[in-house]
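Here the structure comes first, spelled out in structure tokens, and everything after it is commentary.
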Amino acid sequence: DAKTTQPPSMDCAEGRAANLPCNHSTISGNEYVYWYRQIHSQGPQYIIHGLKNNETNEMASLIITEDRKSSTLILPHATLRDTAVYYCIVRVALSSSNTGKLIFGQGTTLQVKP
Amino acid sequence: DGGITQSPKYLFRKEGQNVTLSCEQNLNHDAMYWYRQDPGQGLRLIYYSQIVNDFQKGDIAEGYSVSREKKESFPLTVTSAQKNPTAFYLCASSHGLAGGREQYFGPGTRLTVT
């Protein structure tokens, strides 16, 4: 699986948009970009994923560059409960020839401040 | 509510004892996974199962065993052969072999072996 690069930490003011970048310059054409977050001592929570197009759901928006070498997760109105470690992961679609495992790197620790 | 449950949340065992961690899902997912997380580290895949009565070793299967007798259940046994069993254990599930499917995680079981 391709590797990702994320800044180790970021701060964001409560109520403002949090923009978390991720570089995945070696991504393959059949690899998806996933975002998860993990609040301390809890299981990772799925946020959003995409292949080529930008995606939006009730939690966040995912902006993928046209060359797919980088992406940005946007939390439109960050709250204190959004403080967590955010993981950007690239992975091929689950199939009979792969495990579907997610490779979690170090992620970005987002601290939302009042 | 649909989701993944893991029990117990905290588990303490003496060295040399086998221990079984429970994972149940009512999401009708075909695939289930066990990961291990050590402090400050990402997740590592122990075992995975894409269908009932079938499972495969992940990256760190030594000292662990699993079974998949029912679609809803994927228990993990940590045997006395596992040299460093103290860790945070996470179970996940996803739909089967199609497309870019997200994995949903349970709340985790923190195992301490002394």
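Computed from the coordinates by the stated procedures, all read-outs in this text should not be read as laboratory data. Since the model is a prediction, treat every value here as computed from it, not as a measurement. Counting neighbours? That spans all protein chains shown, and the Cβs are built from the backbone with ideal geometry, glycine included.
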- Task: State to the nearest 20 debye the size of the charge dipole of chain A about its Cα centre, where the only charges are +1 on K and R beta carbons and -1 on D and E beta carbons.
- Result: 180 debye
- Query: In terms of Cα to Cα distance under 25 Å, which lysines are near enough to B:K57, apart from those fewer than 8 places away along the same chain?
  - Reply: A:K3, A:K101, B:K9, B:K70, B:K71, B:K83
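In debye, nearest 20: dipole of the protein assembly as shown around its Cα centre with unit charges on the Cβ of K, R (+) and D, E (-)?
Using only the charged Cβ atoms, the result is roughly 440 debye.
Would the range B:39-100 count as rounded, prolate or oblate if I go by the C-alpha gyration tensor, calling it rounded below 1.5 in a/c and otherwise prolate when a/b exceeds b/c, oblate otherwise?
Note, shape of the range B:39-100 comes out oblate.
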- Distance in Å, no decimals, from the C-alpha centre of the range B:2-25 to the one of the range B:54-82 is 12 Å
- Query: Looking at the protein assembly as shown, which Cys residues are left with no other cysteine's beta carbon under 4.7 Å from theirs?
  - Reply: A:C12
- Message: As an exercise, use a Förster radius of 25 Å and the Cβ-Cβ distance of B:S7 and B:T86 to find the FRET efficiency, rounded to the nearest 0.05.
- Response: 0.85
- Message: Can you compute the modelled spin-label distance between B:K14 and B:Q56, with each label point 7 Å from Cα toward Cβ, in nm?
- Response: 4.0 nm
- Long-range amide H partners of B:R68 with built H, under 5 Å: B:N53
- Item | Separation in nanometres of the label points that stand 7 Å from Cα toward Cβ, at A:E66 and A:S41 | 4.8 nm
- Item | 17 Å Cα-Cα reach of A:K69 towards aspartates and glutamates, excluding residues that sit fewer than 8 places from it in its own chain | A:D1, A:E31, A:E55
- Task: Could I have the simple spin-label model distance between B:S73 and B:T114, label points 7 Å from Cα toward Cβ, reported in nm to one decimal?
- Result: 3.1 nm
